[in-house]
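First comes the structure, then the notes that go with it.
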Amino acid sequence: MRKSLLLRPMLSTILLLGLATVANADQSDFALFDGSNPANQPNSGAVCSANSAFTYHVTVANWGPNGEVRITYKDGDIVRFPIAAGASFSFTQAARGRGGASAAVRVSNGGSAAQLAGSMSAIGQGAPICISCDADSSGDAGCDAVVPN
């Protein structure tokens with residue numbers, strides 16, 4: 001009887017902790033973009049955002065002349081990486097959600113001649129969302145509504 005009395009609260013605690021762990025599982029999303037397609041030029045790229053801290057990944061190849069990979073944050077800050085014609089580039093960064101300066105992040109060619117094609121993805125617990133700026137998806141206007149280019 002004593003074992004039964006101890007076993008029930010212990011199993012209840014384990015069950016509750018197990019459910020809490022599942023509720024906090026990471027979620028992810030991704031968007032593809034293709035700046036080599038004339039229909040998507042000159043504003044191809046993608047935007048990812050989330051409600052809490054998240055990690056984003058960018059992988060691009062440049063199918064056009066030398067140019068840049070530009071990261072634009074929701075507050076307008078930018079980071080630029082040069083990319084040569086025919087080169088590829090990938091990186092991972094952390095960002096903060098909930099209305100912060102990096103609550104949303106956009107990848108683009110920054111107005112350069114680069115024709116970037118690739119993917120952007122985000123992972124975190126704050127319901128990340130990624131959208132493509134390509135013409136057959138959200139388009140430049142859809143991305144501008146989140147992070148202006």
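The values are calculated or read from the model by the stated rules, or taken from the named source; none is laboratory data. Quick caveat, the model's predicted, so the values are computed rather than measured. Cβ sites come from the backbone with ideal geometry, for glycine too, and all protein chains shown count toward neighbours.
For residue 18, are the conditions met, namely being on the phi > 0 side of the Ramachandran plot, at pLDDT below 95 and not hydroxyl-bearing (Ser, Thr, Tyr)? Taking the combined requirement at face value, the residue does not satisfy it.
Restricted to the stretch 68-92, and to residues that are out of contact with any Leu (no Cβ under 8 Å at 6 or more places or on another chain) and crowded, with 18+ Cβ neighbours inside 10 Å, which residue is farthest from residue 144 (Cα to Cα)? The qualifying residue farthest from residue 144 (Cα to Cα) is 68. Candidates are the residues of the stretch 117-131 that are under 18 Å from residue 73 (Cβ atoms) and more than 8 Å from the chain's Cα centre (by Cα); the one that is modelled with the highest pLDDT is 131.
With respect to (1) touching a residue at least 60 places away in the same chain (Cβ under 8 Å); (2) closer than 17 Å to residue 33 by Cα; (3) in a strand (DSSP E or B); (4) in contact with a Phe, Trp or Tyr (Cβ under 7 Å, 6 or more places away or on another chain), the lone exception for residue 123 is condition (2).
The set of residues in the stretch 111-146 being within 25 Å of residue 82 (Cβ to Cβ), buried (at least 22 other Cβ atoms within 10 Å of the Cβ) and of a type outside the set (A, V, I, L, M, F, W, C) consists of 115, 118, 132, 134. Hey, does the stretch 89-108 have a residue that's touching a helix residue (DSSP H, G or I) at 6+ places or on another chain (Cβ under 8 Å) and either within 17 Å of residue 55 (Cβ to Cβ) or not hydroxyl-bearing (Ser, Thr, Tyr) (or both)? Yes: one or more hits.
The set of residues from the stretch 27-51 being part of a strand (DSSP E or B), crowded, with 18+ Cβ neighbours inside 10 Å and more than 11 Å from the chain's Cα centre (by Cα) comprises 33, 34.
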